[in-house]
1. Express the Stokes-Einstein translational diffusion coefficient of the range 135-223 in µm² s⁻¹, to the nearest whole number, given a Kirkwood radius over alpha-carbon pairs, 10 °C and a viscosity of 1.306 mPa s.
2. Using the beta-carbon distance between residue 183 and residue 156 and R0 = 22 Å, what value does 1/(1 + (r/R0)^6) give for FRET efficiency, to the nearest 0.05?
3. Give me the distance in nm between label points sitting 7 Å out from Cα along the Cα-to-Cβ direction at residue 230 and residue 194, one decimal.
4. Taking 22 Å as R0, compute the FRET efficiency from the Cβ-Cβ separation of residue 201 and residue 48 and round it to 0.05.
5. Using a Förster distance of 45 Å, how high is the FRET efficiency between residue 100 and residue 209, based on the Cβ-Cβ distance and rounded to 0.05?
6. Can you give the local net charge around residue 191? Use residues other than it whose beta-carbon is closer than 13 angstrom to its beta-carbon, Lys and Arg +1, Asp and Glu -1.
7. Based on the Cα coordinates of the range 170-209, what is the per residue volume of their convex hull in Å³?
8. Would you list, by chain and number, the aspartates and glutamates whose Cα falls below 16 Å from the Cα of residue 100, excluding same-chain residues fewer than 8 positions away?
Amino acid sequence: MDRLDQKTAVAAGASAPSAMPPTLWTMVLAAGAGSDAALEQLCRLYWRPLHAYLRRWGFNDHDAEDFTQMFLAHLLRKDRLAGVRREKGRFRSYLLAALKNFVADRSSGPRRPKPVPLPGALPDPGASPEEEFERSFTMTLIQRALGRLGEDYARRGMAERFAVLRQFLPGEEPASTQAEVGLRLGLSEGAVGKAVYDLRRRFAKCFREVVAQTVSAFEEVEDEVKHHLAVMSR
């Protein structure tokens, strides 16, 4: 998926939950205290964005992978995250600053971010390293939301419906018409339209839930959703 539909994603799930779900800051604080599970979650969330940042900086794929692994190993030593606090701002901003220092200290290569043409290697050859990091992070959240949505449909015995209908999510290019999908699923075209509406609504809810896990307070969710929508619209 290359884009999100802003009205769909922002409008869905507008009511606040009764309790704030576990957030990225919860994971950061737990990781700083030595939680292996929290450390693993941070690695899963940030490996691709960090790798994309290094690729855009000018490292080849092999070196970018090595530096990403080394940086995470460096970061995940038990005392590295102990001093990180939510009042210092977005955790990904802290990560980027830490990565820049790490690479500058250990590499004879580029000392500061500098866009480098890499034809065919990345989706936007003109993007800066920071923009590539943000885009990759947003795509990671989208994939997490899609995974959560797929699990929801599977639990309800509707895995096939999800597999067929996901082509109608915003940003996708449908390979079939809704009438053709209706024939495959045994639904009228009107019923397919309603199913697509429900799919988009559920995806928007899942995306907001995933975004909510990356902020320190529920009040920040709306701005973060808008931020990710802006990233995908560039």
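Bear in mind that the values in this text are calculations on the coordinates, not laboratory data. Bear in mind the structure is a predicted one, so any value in this text is a computation, not a measurement. Here the Cβ positions follow ideal geometry from the backbone for every residue, glycine too, while neighbour counts run over all protein chains shown.
1. In µm²/s, the coefficient is 113.
2. The pair residue 183/residue 156 has a calculated efficiency of 0.50.
3. Result: 3.9 nm between the two label points.
4. Rounded to the nearest 0.05, the efficiency is 0.20.
5. Details: r = 31 Å, r/R0 = 0.69.
E(calc), rounded to 0.05, equals 0.90.
6. Numbers: positive: 161, 184, 194; negative: 189, 198.
Net of charged neighbours comes to +1.
7. In the range 170-209, the Cα convex hull volume per residue is 64 Å³.
8. Excluding near neighbours in sequence, the set is 63, 65, 66, 130, 131, 132, 134.
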